[in-house]
Amino acid sequence: MKRIASYQALWRPQDNKGHFWFTYFDGERERTIDLDAESFRIVLEILDTDKPIFGDHTTAAVAVHSEPTEVKVGAWA
């Protein structure tokens with residue numbers, strides 16, 4: 001997985017499928033595999049975050065990375 005700098009989403013209603021173009025931080029631009037409606041929606045939700053986003057165009061897998069915080073919760077805090 002590489003960090004995504006930007007993305008473009010393309011939905012084809014006639015096929016009920018869509019795909020993404022990921023532009024990685026190194027400038028490389030790659031197309032994902034085709035996704036069904038539910039998978040496309042889930043990827044869009046993950047991409048719509050302020051956290052650093054990582055992706056793999058070969059599988060259309062995406063992940064977010066959260067920075068550690070000083071917030072402690074629970075009786076031990």
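The values are calculated or read from the model by the stated rules, or taken from the named source; none is laboratory data. From a predicted model like this one, the values you see are computed outputs, not experimental measurements. Every residue, glycine as well, gets a Cβ built from its backbone with ideal geometry; the counts of neighbours run over all protein chains shown. Each accessible area value is taken on the protein alone, full model and side chains, heavy atoms only, with ligands, DNA and RNA left out. Shrake-Rupley method; radii C 1.70, N 1.55, O 1.52, S 1.80 Å.
Structure notes:
- Heavy-atom accessible area ranking, 1.4 Å probe, most first, across 35, 10: 10, 35
- For the residues 32, 49, 59, a GNM of the chain with alpha-carbon springs under 10 Å puts the largest fluctuation on 49.
- Reported label for calculated Cα extents along the principal axes in Å given [x] 37, 24, 19; [y] 55, 29, 17; [z] 30, 29, 19: [y]
- Charge sum, other residues only, whose C-beta stays under 10 Å from residue 2's C-beta, Lys/Arg counted +1 and Asp/Glu -1: -3
- Fraction of accessible area attributable to carbon and sulfur, the chain (%, probe 1.4 Å): 54
- Karplus-derived 3J(HN,Hα), 6.51/-1.76/1.60, for each residue of segment 22-31, Hz, glycine and proline x: 9, 10, 7, 4, 7, x, 5, 10, 9, 8
- Probing with 1.4 Å while keeping every protein chain in the model, the per residue accessible area of the chain equals 70 Å².
- Excluding exposed DSSP-loop chymotrypsin sites (Phe, Trp or Tyr not before Pro) (at most 14 other C-beta within 10 Å), longest clean stretch of the chain: 26-75
- Stretchable slack from residue 17 to residue 59, in nm (0.36 nm times residue separation minus alpha-carbon distance): 13.6 nm
- Amide H to amide H distances under 5 Å link residue 60 with 33, where only residues 5 or more positions off or on other chains count and H is placed in the peptide plane.
- Degrees, to the nearest 10: 37-47 long Cα axis against longest axis of the chain: 40
- Summing +1 for each Lys or Arg and -1 for each Asp or Glu among the other residues whose beta-carbon sits under 14 angstrom from that of residue 18 gives -1.
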